[in-house]
Each structure stands twice: as structure tokens, then as C-alpha cells.
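First the structure, in the form of C-alpha cells, and then the observations on it.
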Amino acid sequence: MVPGRTKESLMEHKLILDALKTHDSYAAQQAIQVHISHIRETIDKHYNYLI
């Protein structure tokens, strides 16, 4: 829905998946936290007017 966000989100999911594949729980946790923070930023920037 936000230009460029789909590509960025896909890369974030790839980092999460890569960490899970290598059983690196710390890297997976970090990647998930980054992804969620980017989702929050996107909502704040583009969708806060809906609330």
C-alpha cells in the first residue's frame, strides 16, 4: 500500500527466514524487532489519520 514498502518488507522477511533456517534465534529476534518497528513507522506516517 505504501510505495517501496513491499520490497523493503520482503527483504525483512527474508532476513527473518534466513535467521530461522540457521537456528540463529538472536538474529531472528533482531530481524523481527526491526520489521515490527518499520511497520509501526509506516502506520504512524501513512495511516495515523484513520485513528
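The table for this structure:
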| quantity | calculated |
| --- | --- |
| Checklist (1) part of a helix (DSSP H, G or I); (2) in contact (Cβ under 8 Å) with a residue 24 or more places away in the chain applied to residue 2, failing item | (1) |
| Any hit, the stretch 20-32, residues being open to solvent by less than 70 Å² (accessible area, probe 1.4 Å), out of contact with any Leu (no Cβ under 6 Å at 6 or more places or on another chain) and at pLDDT below 95 | no |
| Residues of the stretch 1-12 classified as under 16 Å from residue 36 (Cβ atoms), open to solvent by less than 90 Å² (accessible area, probe 1.4 Å) and not acidic (Asp, Glu), total | 3 |
| Hits in the stretch 30-44 (condition: more than 17 Å from residue 11 (Cα to Cα) and touching a residue at least 12 places away in the same chain (Cβ under 8 Å)) | none |
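The values are calculated or read from the model by the stated rules, or taken from the named source; none is laboratory data. On a predicted model such as this, the values are computed, not experimentally measured, just so you know. Note: ideal-geometry Cβ built from the backbone for every residue, glycine included; neighbour counts use all protein chains shown. Quick note on the areas: whole protein, heavy atoms, side chains included, nothing else; ligands and nucleic acids left out. Shrake-Rupley method; radii C 1.70, N 1.55, O 1.52, S 1.80 Å.
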